[in-house]
Amino acid sequence: MIEPMRTFVLRARAAPVDSGKLLASIGTDAHPEILAHVLMNAIFVAQSHRDDVVVYLVLESTADYSRTLRFEPRAMHELGGFDERALLAKVAKALDTSRGMGKEETRPVEPGVTVQTISFERLVQQLAVDHQLFVLDRKGTPISVQTFADQPCFLLTDHIPMPKKTFGSLERLGATKLSLGPRMLFASQCVVLIHHALDQG
Ligand SMILES: C[S@@+](CC[C@H](N)C(=O)[O-])C[C@H]1O[C@@H](n2cnc3c(N)ncnc32)[C@H](O)[C@@H]1O
């Protein structure tokens, strides 16, 4: 039996894959703090964390390959703090681990955390095999009428929209557009609302 698991993928189009640049760009147009906010809201609850979630961060501001970071809290020994500094330190550590990697390689970073040099498109193709895909879009199906299987996977972006052509390829992979209402929200706020909807059972 497959254990129910929620997966979030943040496509961080403006986030640098160089850890120094990433940390130096907090509060600038690259907005890497979005990564910390998504990790925080996907993983942590008051005085605890969620064991039924996997988070992928795909950092795309790069001269070579995207870096796809995978966080699985139930396998992590050291979750650390939930402040921006602690969370971005985890991201920076994974980016440092990825130095010198070739295309489509995977390296372990620490228990529960891996880094891969695969693109967003490649990652989603892999997830499509055994996940129910949703791409977040204000014009999609309202979350209140959507039914969810055991392995939903939610695709989000940072402040830069998903390229138009991506929607076509996501549709071909079976992704459903999912709406959380008419207001444009932060990705991290979408995560909270999705958790809330799924928590209702
Ligand atoms: C800050 S928004 C992206 C803003 C970007 N300028 C755009 O036009 O897509 C971050 C993520 O949240 C999703 N999102 C924001 N508000 C939403 C809503 N009300 N319903 C569904 N998805 C939403 C977006 O689709 C995107 O994946």
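Being within 18 Å of the chain's Cα centre (by Cα) and either farther than 20 Å from Gln132 by Cα or of a type outside the set (S, T, N, Q) (or both) narrows it down to one residue among Ser19, Ser25; which is it?
Ser19
I'd like to know if the stretch 135-147 contains one or more residues that are more than 16 Å from the ligand (Cβ to nearest atom), exposed (fewer than 15 other Cβ atoms within 10 Å of the Cβ) and assigned to a loop (DSSP other than H, G, I, E, B).
Start the filter on the stretch 135-147 by keeping residues that are more than 16 Å from the ligand (Cβ to nearest atom), which leaves 147.
Checking the rest, the ones that are also exposed (fewer than 15 other Cβ atoms within 10 Å of the Cβ) come to 147.
Right, trim to assigned to a loop (DSSP other than H, G, I, E, B) and you get 147.
Scanning the stretch 135-147 turns up at least one residue that is more than 16 Å from the ligand (Cβ to nearest atom), exposed (fewer than 15 other Cβ atoms within 10 Å of the Cβ) and assigned to a loop (DSSP other than H, G, I, E, B).
Looking only at the stretch 76-107, which residues are of a type in the set (A, V, I, L, M) and either closer than 20 Å to Asn41 by Cα or assigned to a loop (DSSP other than H, G, I, E, B) (or both)?
Step one: of the stretch 76-107, the residues of a type in the set (A, V, I, L, M) are 76, 79, 86-89, 91-92, 94-95, 101.
Across the stretch 76-107, the qualifying residues are Met76, Leu79, Ala86, Leu87, Leu88, Ala89, Val91, Ala92, Ala94, Met101.
Quick one: how many residues across the stretch 168-201 are within 24 Å of Phe44 (Cα to Cα) and either acidic (Asp, Glu) or touching a Cys at 6+ places or on another chain (Cβ under 6 Å) (or both)?
The number of residues fulfilling the criteria is 2.
Anything in the stretch 108-126 that is more than 16 Å from the ligand (Cβ to nearest atom) and either in a strand (DSSP E or B) or touching a strand residue (DSSP E or B) at 6+ places or on another chain (Cβ under 7 Å) (or both)? List them, or say none. Talk me through it step by step, then tell me what you get.
So the first thing to find is which residues in the stretch 108-126 are more than 16 Å from the ligand (Cβ to nearest atom), and the list is 108-119, 122, 125-126.
Once the filter is applied, which keeps residues that are more than 16 Å from the ligand (Cβ to nearest atom) and either in a strand (DSSP E or B) or touching a strand residue (DSSP E or B) at 6+ places or on another chain (Cβ under 7 Å) (or both), the stretch 108-126 yields Pro108, Val109, Glu110, Gly112, Val113, Thr114, Val115, Gln116, Thr117, Ile118.
Which of the residues spanning the stretch 184-201 are free of Cβ contacts under 8 Å to residues at least 24 places away in the same chain and on the phi < 0 side of the Ramachandran plot? Give the steps one after another, and end with the answer.
Quick first cut of the stretch 184-201, residues free of Cβ contacts under 8 Å to residues at least 24 places away in the same chain only: 185, 196, 199-201.
Matches in the stretch 184-201: Leu185, His196, Asp199, Gln200.
Output the residue which, of all residues in the stretch 148-176 that are of a type in the set (Asp, Glu) and not in a helix (DSSP H, G or I), is modelled with the highest pLDDT. Show your work before the answer.
Pass one, the stretch 148-176, residues of a type in the set (Asp, Glu): 150, 158, 171.
Next, from what is left, pick out any that are not in a helix (DSSP H, G or I): 150, 158.
Working: Asp150: 91, Asp158: 97.
Only one residue fits best here, namely Asp158.
So, Val115, is that one under 30 Å from Gly100 (Cα atoms) and within 16 Å of the chain's Cα centre (by Cα) or not? Working first, answer last.
Details: under 30 Å from Gly100 (Cα atoms): yes; within 16 Å of the chain's Cα centre (by Cα): yes.
The answer is yes for Val115.
Out of curiosity, is His196 of a type outside the set (Val, Ile, Thr) and either closer than 26 Å to Glu3 by Cα or more than 13 Å from the ligand (Cβ to nearest atom) (or both)?
Details: of a type outside the set (Val, Ile, Thr): yes; either closer than 26 Å to Glu3 by Cα or more than 13 Å from the ligand (Cβ to nearest atom) (or both): yes.
So His196 fits the description; yes.
Take the residues in the stretch 142-158 that are in contact (Cβ under 8 Å) with a residue 12 or more places away in the chain and of a type in the set (Val, Ile, Thr); name whichever of them is nearest to Ile34 (Cα to Cα). If you could, list the steps in order and put the result at the bottom.
Here is the first cut: in the stretch 142-158, the residues in contact (Cβ under 8 Å) with a residue 12 or more places away in the chain are 142-144, 146, 148-158.
After this cut, where a residue has to be of a type in the set (Val, Ile, Thr) as well, the list is 143, 157.
On the way: Ile143: 23, Thr157: 10 Å.
Once the filter is applied, the top-ranked residue is Thr157.
Do you know which residues across the stretch 159-177 are in contact (Cβ under 8 Å) with a residue 12 or more places away in the chain and more than 6 Å from the ligand (Cβ to nearest atom)? Steps first, please.
From the stretch 159-177, those in contact (Cβ under 8 Å) with a residue 12 or more places away in the chain are 159-160, 162, 166-167, 169-170, 173-177; that's our starting set.
Result: Ile160, Met162, Thr166, Phe167, Ser169, Leu170, Leu173, Gly174, Ala175, Thr176, Lys177.
The values are calculated or read from the model by the stated rules, or taken from the named source; none is laboratory data. Since we're looking at a predicted model, the values are computed, not measured. When we count neighbours, we look across all protein chains shown, and the Cβ atoms used for this are built from the backbone with ideal geometry, even at glycine.
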